[in-house]
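The values are calculated or read from the model by the stated rules, or taken from the named source; none is laboratory data. Quick caveat, the model's predicted, so the values are computed rather than measured. Backbone-built Cβ (ideal geometry, glycine too); neighbour counts: all protein chains shown.
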Amino acid sequence: MTFNKLITKFTKTNYMETAIKRLGKSPQELGTVGYFGGGCDDNSCPDILETENGDFIIIGKDVTGDVNLNGISGLAPNERAVLIPRITLTSAKKDIP
């Protein structure tokens, strides 16, 4: 797929996505429920989910206003920087196509 086709696909993505599966272990299995203090119950963050069209939903702490991307990347006005524990991503590694 060319870069232009990839960007077109990305910009036309429907953001009312449906999660179909978790990647990696659950927050309960990893011991990360409430990892960032408050706001998480027994079935929530941090987590990585795959949508029915193959995209990913990352559930974590919004650090948009508190992160220094050090010129490596940038954020558009409609994007957020989300922090997840390392163990959440390494646990998902085996499930990422």
Give the range 77-97 a look and list any residue that's assigned to a loop (DSSP other than H, G, I, E, B) and either polar (S, T, N, Q) or under 16 Å from the mean Cα position of the chain (by Cα) (or both), or say none.
Asn78, Glu79, Arg80, Ala81, Ile84, Pro85, Ile96, Pro97
Taking Val33 and the conditions (1) surrounded by 10 or more Cβ atoms within 10 Å (Cβ to Cβ); (2) within 25 Å of Pro97 (Cα to Cα); (3) modelled with pLDDT under 90, which numbered condition does it fall short on, given that it satisfies the others?
(2)
Pick from the range 61-97 the residues that are touching a residue at least 40 places away in the same chain (Cβ under 8 Å) and of a type in the set (A, V, I, L, M): which of them is surrounded by the fewest Cβ atoms within 10 Å (Cβ to Cβ)?
Ile96
Selection from the range 44-69 of residues of a type in the set (A, V, I, L, M, F, W, C) and in a strand (DSSP E or B) yields Ile48, Leu49, Phe56, Ile57, Ile58, Ile59
